[in-house]
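Chemist: First the structure, then my questions, so here it is.
The values are calculated or read from the model by the stated rules, or taken from the named source; none is laboratory data. Keep in mind it's a predicted model, so treat the numbers as computed, not measured. Cβ atoms come from the backbone with ideal geometry, glycine included; neighbour counts cover every protein chain shown.
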Amino acid sequence: MTRPAPLPYARVPPFTPVPTRPRADGWTPLRQAEFIGMLAQTGSVSKAAAFVGMARETAYRLRAKPGADSFIAAWDAALRVAGVRRAPPGTARPRKVTQAEPWRAMIGTRWRVVIRSGRYCGSVQEAHNSAVLAHLRQIDRAAREGRAELRRALRSQPAKTVFRVPGGSVR
């Protein structure tokens, strides 16, 4: 008995969810990740939206919101995985999309969609390590500049002379 040929490795890049108001019936980060996973499996926006309990129209509205660059890249990659849309000629893998606000990027997380044998298995929340490391570099740079400024200020002040009185006190 022969086994079916394994499907080629399909990968949807990790993405940063679109920032939305927290609502129980809204597009939570988990719903966004599950939507991308089902979109990669089915290739249908309607089916993927129905899977997460949302409407197709709201998915397109979410895609059009500001700050959705990473979500759009994951959406397009999911459609390529599903075989619905091919990558334009001459383009490589989807590029990493970074946040505009460093603080939100530092405390934010990315969602990685897990697909095995062409089927959506789940979503994993990952730390956004590159943003955390960039923020730490900024803090280190500011601390170095602050120390250098303090040294310059101390060097510019005249030295104080300390006199010891025979009783042990300092004047």
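Chemist: So, TRP75, is that one part of a helix (DSSP H, G or I) and modelled with pLDDT under 90 or not?
Modeler: no
Chemist: When you go through (1) surrounded by fewer than 10 Cβ atoms within 10 Å (Cβ to Cβ); (2) outside any helix (DSSP H, G or I); (3) modelled with pLDDT of 80 or more one by one for PRO166, which number turns out not to apply?
Modeler: Only one criterion is unmet by PRO166, namely (3).
Chemist: Ok, one more. Could you please find all residues in the stretch 8-39 being of a type in the set (Lys, Arg), under 17 Å from the mean Cα position of the chain (by Cα) and farther than 17 Å from ALA73 by Cβ?
Modeler: ARG31
Chemist: Would you pick out the residues in the stretch 49-75 that are closer than 21 Å to GLY122 by Cβ and exposed (fewer than 14 other Cβ atoms within 10 Å of the Cβ)?
Modeler: GLY53
Chemist: Now a separate question. Hey, among the residues in the stretch 129-146 that are modelled with pLDDT under 85 and of a type outside the set (Gly, Ala, Ser), which one's surrounded by the fewest Cβ atoms within 10 Å (Cβ to Cβ)?
Modeler: ASN129
Chemist: Which of the residues that make up the stretch 33-50 are in contact with a Gly (Cβ under 9 Å, 6 or more places away or on another chain) and assigned to a helix (DSSP H, G or I)?
Modeler: Within the stretch 33-50, ALA33, GLU34, GLY37, ALA40, GLN41, ALA48 qualify.
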